[in-house]
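See below for the structure under consideration.
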């Protein structure tokens, strides 16, 4: 059995009772960052073997993990924050498990874009999740496609690239397009800032930006 276990995006109390039970029951935990996962597990007094599983080694260790699962081991995937597979490793392993008749179970739980989307004040009956924009190759092509996107758009972004992304979106989609930036969700210094893309670019360019960021942008003719 392979379990995909969502981890808190900030507040450790957001983990579910079921997630704790699963983490206590498996043979091994696949951790995106063993240091971060250790802090979470130690907080809840869970002691299990940890195996690194991240975007830099997922291809290399894939077959070995599948072989262990086929042989009868139970594993849990635990990323640094949120649900495995959402802008984090998991897809390749899930696909191979399905191909090899290994049962996969995904637990409900924390995902950063959901509270940010609901909190944005923008239409949410239809939306598209774009994750992180490409850094170079394909970036301009994707931005061009998004010009005519009518659904509310959701992005992840790093603090160091936030202002640049806001400025680019303003240039492509229009400076007056409504948007929302959610930062440090569930943490002590949580911030939700709403306004036009131009206003948000000006606001965040005047301060030091820290933390994980979710950017929600109004669709065309919303």
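The values are calculated or read from the model by the stated rules, or taken from the named source; none is laboratory data. Worth saying up front: this structure is predicted, and the values here are computed from it rather than measured. All Cβ positions, glycine included, derive from the backbone under ideal geometry; neighbour counts span all protein chains shown.
At a glance:
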quantity	calculated
Yes/no for residue 138 being outside the structural domain of residue 13 (by TED's automatic domain parsing), on the phi > 0 side of the Ramachandran plot and either touching a strand residue (DSSP E or B) at 6+ places or on another chain (Cβ under 9 Å) or at pLDDT below 95 (or both)	yes
Pairs with Cβ under 8 Å, 6+ apart, first in segment 201-216 and assigned by TED's automatic domain parsing to the domain that holds residue 127 and in contact (Cβ under 8 Å) with a residue 40 or more places away in the chain, second in a helix (DSSP H, G or I) and surrounded by fewer than 18 Cβ atoms within 10 Å (Cβ to Cβ)	209/159; 209/160; 210/159; 211/159; 213/159
Residue within segment 75-97 that is free of Cβ contacts under 8 Å to residues at least 40 places away in the same chain, under 24 Å from residue 184 (Cβ atoms), touching a strand residue (DSSP E or B) at 6+ places or on another chain (Cβ under 7 Å) and surrounded by fewer than 20 Cβ atoms within 10 Å (Cβ to Cβ) present	no
Residues being touching a residue at least 24 places away in the same chain (Cβ under 8 Å), in contact with a strand residue (DSSP E or B) (Cβ under 9 Å, 6 or more places away or on another chain) and either surrounded by 17 or more Cβ atoms within 10 Å (Cβ to Cβ) or within 21 Å of residue 127 (Cα to Cα) (or both) - total across segment 159-183	13
Residue in segment 128-143 that is touching a residue at least 24 places away in the same chain (Cβ under 8 Å), touching a helix residue (DSSP H, G or I) at 6+ places or on another chain (Cβ under 7 Å) and more than 30 Å from residue 13 (Cα to Cα) present	yes
Residue check, residue 92 farther than 23 Å from residue 33 by Cβ, assigned to a helix (DSSP H, G or I) and under 20 Å from the mean Cα position of the chain (by Cα)	no
